[in-house]
Amino acid sequence: MKFKLPETPAVVVTSKSFRLADVDPADITPFKHQPDDKQEASPRLLKLRQRLSELQELLYAEHSRSLLIVLQAMDTGGKDGAIQNLLTGVNPAGVQVATFKAPTSEELKHDFLWRIHAQTPKKGHIGVFNRSHYEDVLITRVHGMIDEKTCEQHYADINNFEQLLLNNGTRILKFFLHISKEEQARRLQARLDDPTKNWKFDPNDLKERAYWDDYQAAYQEALRRCSPPDAPWFVIPANHKWGRDLAITEIVVAALEDMNPQPPQPDFDVKAQVIK
């Protein structure tokens, strides 16, 4: 990892012996808030949002590097909410958000990274992936759509793809939003209980929930196999939404601070310009 990790509940995957079960999804250490805090944003989060806005403007002005943020989670894990929080106050002109669902017939005619590469952020931009290329070693593996040999090749392809992005000036931050099975049940029930949230409920989520243990194993293996020093996975305890949002924003701001984007020097004599 190229920057000093701020003090958050996040766990950085640095070992092939990493165990997802060792991470408490409800951990809020060392944040000094109550677990039932319903405020829109803590004073700390407000400051981080302001700083993120400033850094994004500098990255956009510099126009030579980019930042890619990858979000993965179980169903109801909070990807949409995390994105909404992170991008609050950020200039939309400098952001690209891509959501990856089941591949289309056209996308299936190409390699699995074809549709992903087309959505990577341009220079000066922050790109956010809501799901990502990792779906091709998660749902495909859980449901037996690929064999072990293909899965092994996909791990290698993912690592090579991310190294290509790194070599071309794209910093990569990968977040796995870790919730418990009990918390997922609460969130699914909440969608059924609130008529204004019914549209968010998908009966297929219950079918996928039956594969919980298989998904946990698939995620654990993907985190182990695709977490190089320059682009490690951050496991974010996500049972508490406010803690999730604060942890992610802390890390994103720290990464951008480390990148230290600088605006270009003007190609004209500033002092000679006269506004009448």
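Quick notes on this structure:
- Cα shape, the stretch 77-142, gyration tensor, a/c 1.5 rule: oblate
- Across the alpha-carbon set of the chain, the Rg to Rh ratio works out to 0.99, Rh being the Kirkwood radius.
- 0 to 90° range, to nearest 10: angle between helix 43-62 axis and the chain longest Cα axis: 60 degrees
- DSSP beta bridge pairing in the chain, given as percent antiparallel to the nearest 5: 10 percent
- In the chain, helices alone account for a calculated mean residue ellipticity at 222 nm of -12000 deg cm²/dmol, with every DSSP H run of four or more residues adding -39,500 (n - 2.57).
- Three-way shape call for the stretch 9-139 based on the alpha-carbon gyration tensor, with the a/c threshold at 1.5: oblate
- Cα-based Rg / Dmax (Å) for the stretch 86-200: 17.0, 48
- Summarised as an ellipsoid, the stretch 42-83 has semi-axes of 24, 17, 5 Å, derived from the eigenvalues of the Cα gyration tensor scaled by 5 and square-rooted, with the largest first.
- 0 to 90° range, to nearest 10: angle between helix 212-225 axis and the chain longest Cα axis: 40 degrees
- Rg over Rh for the stretch 194-276 works out to 1.26, both radii taken from alpha-carbon positions and Rh defined as the Kirkwood radius.
- Between ASP214 and HIS63, the FRET efficiency from the beta-carbon distance, with R0 = 51 Å, is close to 0.70.
- For the stretch 49-107, the orientation-averaged shadow of the C-alpha convex hull comes to 5.4 nm² (one quarter of the hull surface).
- Residues with amide H under 5 Å from that of LYS174, placed H, sequence gap 5 or more: VAL70, PHE234
- Members of LYS122/LYS207; LYS4/LYS241; LYS16/LYS181; LYS16/LYS109; LYS4/LYS79 lying beyond 31 Å, as alpha-carbon distances in this model show: LYS122/LYS207; LYS16/LYS109
- Nearest 10 degrees, 0 to 90: helix 181-193 Cα axis against the chain principal axis: 80 degrees
- For the peptides 70-79, 86-95, the ranking by packing is 70-79, 86-95, with the highest mean count of neighbouring Cβ atoms within 10 Å listed first.
- Ordering of 231-242, 113-124 by packing [mean C-beta count within 10 Å, highest first]: 231-242, 113-124
- Per-peptide average of other Cβ atoms within 10 Å, ordering 174-181, 145-152, 48-55 highest first: 174-181, 48-55, 145-152
Throughout, read-outs are computed from the coordinates displayed, never taken from laboratory work. Note that the structure is a prediction, hence the values are computed from the model and not measured. Heads up, the Cβs are rebuilt from the backbone with ideal geometry, glycines too, and the neighbour counts pull from every protein chain shown.
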